[in-house]
Structure formats: structure tokens, C-alpha cells
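> Okay, here's the structure, questions in a sec.
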Amino acid sequence: MKNTIPPPIVSLICAQLIYLSKPFFPELLFNYSNQMSLCFLISGLIIILISFQRFKKEKTTINPIKIEKASSLVTNGIFKYSRNPMYLGMVLILI
């Protein structure tokens, strides 16, 4: 499998599509919607930062495009609970 578009760029494209599709969907507001959104955003950022720290600690690359530079498979820390916590973090940010 050959990846050509970095995942953060894919997330930015998805965020733009979500923003541009706003007129096509009804606006749903409820109590604490802003607080919930902020919780998702902060949770996603924390998960991404923890993932970065784990990769740095294991001295391997975080770049999924240059797979040949990976020196080890990370299976501990947050990676014990999620196979791809950085993608999970990006999804939480998009939510």
C-alpha cells in the first residue's frame, strides 16, 4: 500500500468538507454542546500528544509516508489500547 497524502492533510480536508456541508444539514443545538465539543477537541489533542511522546521515547518515526524509517513497532503505552491513537485523536478533533 502506497500512502501519498499525509493523514493530517486528510483530516484538514475532512474538516473543510464538514464546514462546507453545514448548509445542507439542520443545526442541532442542545445544552452543553460547546462544552462537549471542547472536551472532544482537548481529548483528541491529548491523545495525539501522548502518541507523539511514545514514538519519541521508542526513537521511531511518526511519519506514515516514510515507513522505511520506522525502527520499531510500538505496542505499549496508549498503543496497548488503540492500534492507531493518532487517527483516533484526529477523529475526536473532527467530532
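The values are calculated or read from the model by the stated rules, or taken from the named source; none is laboratory data. Nothing here was measured: the structure is a model prediction, and the numbers come from that model. Neighbour counts run over all protein chains shown; Cβ positions are idealised from the backbone, glycine included. Surface accessibility is based on the protein's heavy atoms, side chains included, excluding ligands, DNA and RNA. Shrake-Rupley method; radii C 1.70, N 1.55, O 1.52, S 1.80 Å.
> Using a 1.4 Å probe on the protein heavy atoms only, what accessible surface does L73 show? Give it in Å² to the nearest 10.
150 Å²
> Here's another thing I want to ask about it. Can you check what the net charge comes to around F52, using other residues whose Cβ is under 15 Å from the Cβ of F52 (Lys, Arg +1; Asp, Glu -1)?
Once all neighbours under 15 Å are counted, the net charge is +3.
> While we're on this one: What FRET efficiency comes out for the pair I9/C39, r = Cβ-Cβ distance, R0 = 22 Å, nearest 0.05?
With a Förster radius of 22 Å, E is 0.30.
> Can you pull the accessible area of T4 for me, 1.4 Å probe, Å² to the nearest 10?
110 Å²
> Something else now. Keeping every protein chain present and rolling a 1.4 Å probe, give me the accessible area per residue for the chain in Å².
Computed with neighbouring chains in place, this is 83 Å² per residue.
> Which percent of the accessible area of the chain is formed by carbon and sulfur heavy atoms (probe 1.4 angstrom)?
Answer for the chain is 67 percent, counting heavy atoms of protein chains only.
> Work out how much length T60 to L28 would gain on full extension: take 0.36 nm times their residue separation and subtract the Cα-Cα distance, in nm to one decimal.
7.3 nm
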